[in-house]
Amino acid sequence: MQVYEVFRREREGGPMQHAGNLLAPDAELARHYAREFYGRRQESVRLWIVPRSAILDLDDPDLLQPPFDRSFKKPAGYSTEIKAKLATARSRADAGKGDE
Amino acid sequence: MSAQVLETPVRTALAGLLLAMADDEFVLGFWDSEWTGIAPVLEEDVAFASLAQDEVGHAQALYQLLADLEGGDPDELAFGRPPEGYRHARLLDHPRTDWAFSVARRFLYDTADAARLDALAASAYEPLAGVVAKMRREETYHLLHMHAWVERLATGGEEPRARLAAAMERLWPDALCVLDGIEGDDLLAEAGVLAEPMAAVRRRWLAGLVPELARLGLPAPPAAQTGACRGPGRSDDFRWLWEQFTMVRRSDPEAVW
């Protein structure tokens with residue numbers, strides 16, 4: 001028996017999303033069981049059934065969690081943080097006016 | 001073709017066919033649901049219970065067709081008869097026994113039923129053709145699943161193979177009854193309700209099955225069966241199952257759900 005991971009598409013045009021997994025002795029029964037678990041109530045229009053052993057795993061924090069601040073690379077760098085920076089700049093400008 | 005234009009003998013034969021098919025599906029569904037919780041692995045537990053549930057659903061649709069044709073209530077047809085009143089093939093008088101036995105029975109039943117549904121797909125009785133079209137879509141998966149299991153048991157070592165072969169040997173004469181015991185099937189064929197008489201459907205079923213059984217080294221069908229195919233005499237095992245599936249209804253027949 002081996003573990004198969006199942007992905008499903010809920011409606012045409014939608015993404016394939018992880019649904020869960022199952023145990024099966026071979027690919028043919030894995031397809032049958034995937035259908036039973038994730039497709040017999042019209043909840044899917046397509047399934048991908050993948051042996052877990054075929055999945056390439058990557059969880060190295062050096063690759064996935066860089067240590068330096070890269071907040072400027074994130075959209076939040078332009079929406080949330082820019083507001084704070086703007087507020088600082090304004091208050092600095094106001095302080096400059098008082099000097100005239 | 002609607003119910004109004006059927007001549008009485010054809011209509012009677014059609015009612016007999018509908019009742020036989022509905023009872024086949026209903027009783028098989030109840031037997032196979034007995035595996036819920038105790039199938040070989042969890043995944044198969046879900047799969048086999050789902051097949052069983054499909055059959056009860058098919059029975060419901062067929063009882064409804066019969067009620068539309070002859071009057072009456074589908075629930076009353078399903079649960080309101082004594083054991084002798086059921087018309088299922090005697091293949092379904094056996095208990096679930098072991099896994100190989102239940103697989104052998106379902107394989108023989110599903111392949112025979114597929115031949116029967118093929119003969120009804122273009123039925124001149126349109127309400128039946130409509131239900132059959134839906135049943136065939138679900139039966140596609142039943143057939144795939146049962147072929148997969150028979151293949152695995154037949155080639156999966158000495159014990160599963162021996163159990164499967166013994167079950168088939170025992171079940172073959174009763175399996176022939178799935179495509180037998182329908183009175184007036186020749187009239188139904190003449191009227192276009194059924195594509196051909198049951199004997200021809202049976203030959204077509206066996207012609208498709210025999211090469212596969214030979215390839216797997218499994219028992220071939222006997223030349224013929226003898227004895228009554230569809231009751232009224234029933235096994236103690238069926239009587240036990242009847243007690244089970246009518247228990248709730250008998251406790252309060254007037255209850256509204």
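The values are calculated or read from the model by the stated rules, or taken from the named source; none is laboratory data. Remember, predicted model here, so these are calculated numbers, not experimental data. Glycine gets a Cβ as well: all are built from the backbone with ideal geometry, and neighbour counts include every protein chain shown.
Looking for something within 14 Å of another protein chain (Cβ to nearest Cβ) and hydroxyl-bearing (Ser, Thr, Tyr) - is there at least one such residue anywhere in segment B:117-127? Walk me through how you get there before you give the answer.
Within segment B:117-127, the subset within 14 Å of another protein chain (Cβ to nearest Cβ) is none.
Scanning segment B:117-127 turns up no residue that is within 14 Å of another protein chain (Cβ to nearest Cβ) and hydroxyl-bearing (Ser, Thr, Tyr).
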Pick from segment B:224-244 the residues that are more than 18 Å from the chain's Cα centre (by Cα) and part of a helix (DSSP H, G or I): which of them is nearest to B:Cys177 (Cα to Cα)?
B:Asp236
Here is a check on your reading of the model: is B:Glu151 away from every other protein chain (no Cβ under 14 Å), modelled with pLDDT of 95 or more and surrounded by fewer than 23 Cβ atoms within 10 Å (Cβ to Cβ)?
no
Scanning segment B:1-53 for residues that are assigned to a helix (DSSP H, G or I) and of a type in the set (Val, Ile, Thr), the one modelled with the lowest pLDDT turns out to be B:Val5
Can you report the number of residues in segment A:1-29 which are within 16 Å of B:Ser50 (Cβ to Cβ) and part of a helix (DSSP H, G or I)?
1
Only one of these conditions is not met by A:Gln42: (1) within 14 Å of another protein chain (Cβ to nearest Cβ); (2) at pLDDT below 80. Which number is it?
(2)
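The rows are residues; the columns are (1) within 14 Å of chain A (Cβ to nearest Cβ); (2) among the basic types (Lys, Arg); (3) without any contact (Cβ under 8 Å) to a residue 40 or more places away in the chain.
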residue: B:Gly130; (1), (2), (3): no, no, yes
residue: B:Ala133; (1), (2), (3): no, no, yes
residue: B:His147; (1), (2), (3): yes, no, no
residue: B:Arg163; (1), (2), (3): no, yes, no
residue: B:Leu187; (1), (2), (3): no, no, no
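Could you tell me whether A:Glu36 is in contact with a strand residue (DSSP E or B) (Cβ under 6 Å, 6 or more places away or on another chain) and among the acidic types (Asp, Glu)? Steps first, please.
Working: in contact with a strand residue (DSSP E or B) (Cβ under 6 Å, 6 or more places away or on another chain): no; among the acidic types (Asp, Glu): yes.
Answer is no for this residue.
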Pull out all pairs, ordered by first then second residue, where Cβ-Cβ is under 6 Å, the residues are six or more apart or on different chains, the first lies in segment B:89-104 and is touching a residue at least 24 places away in the same chain (Cβ under 8 Å), and the second is among the hydroxyl-bearing types (Ser, Thr, Tyr) and crowded, with 20+ Cβ neighbours inside 10 Å.
B:Arg96/B:Ser102
Exclusive hit being surrounded by fewer than 17 Cβ atoms within 10 Å (Cβ to Cβ), assigned to a helix (DSSP H, G or I) and not small (Gly, Ala, Ser), set B:Arg170, B:Arg116, B:Arg81, B:Arg163:
B:Arg170
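This table checks each residue for (1) away from every other protein chain (no Cβ under 14 Å); (2) in contact with a helix residue (DSSP H, G or I) (Cβ under 9 Å, 6 or more places away or on another chain); (3) polar (S, T, N, Q).
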| position | (1), (2), (3) |
| --- | --- |
| A:Gln17 | yes, no, yes |
| A:Asn21 | no, yes, yes |
| A:Phe37 | no, yes, no |
| A:Leu56 | yes, no, no |
| A:Phe68 | yes, no, no |
| A:Ala95 | yes, no, no |
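One line per residue, one yes/no per condition, for (1) surrounded by 10 or more Cβ atoms within 10 Å (Cβ to Cβ); (2) in contact (Cβ under 8 Å) with a residue 40 or more places away in the chain; (3) farther than 30 Å from B:Val41 by Cβ; (4) outside the structural domain of A:Asp26 (by TED's automatic domain parsing):
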| position | (1), (2), (3), (4) |
| --- | --- |
| A:Phe37 | yes, no, no, no |
| A:Gln42 | no, no, no, no |
| A:Arg70 | no, no, yes, yes |
| A:Ala76 | yes, no, yes, yes |
| A:Ala84 | no, no, yes, yes |
Take B:Leu194 and tell me if it is under 18 Å from B:Leu17 (Cβ atoms) and more than 14 Å from every other protein chain (Cβ to nearest Cβ).
yes
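Looking for whichever is of a type in the set (Gly, Ala, Ser), within 14 Å of chain A (Cβ to nearest Cβ) and at negative phi here; the options are B:Ser102, B:Ser2, B:Ser50. Which one fits? So that I can check it myself, show each step before the final result.
Working: B:Ser102 fails: within 14 Å of chain A (Cβ to nearest Cβ); B:Ser2 fails: within 14 Å of chain A (Cβ to nearest Cβ).
On inspection, the qualifying residue turns out to be B:Ser50.
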Restricting attention to segment B:62-78, does a residue exist that is crowded, with 18+ Cβ neighbours inside 10 Å, assigned to a loop (DSSP other than H, G, I, E, B), at pLDDT 95 or above and more than 13 Å from every other protein chain (Cβ to nearest Cβ)?
no
For segment B:1-50 the number of residues that are without any contact (Cβ under 8 Å) to a residue 24 or more places away in the chain, among the small types (Gly, Ala, Ser) and more than 23 Å from B:Gly231 (Cβ to Cβ) is 3
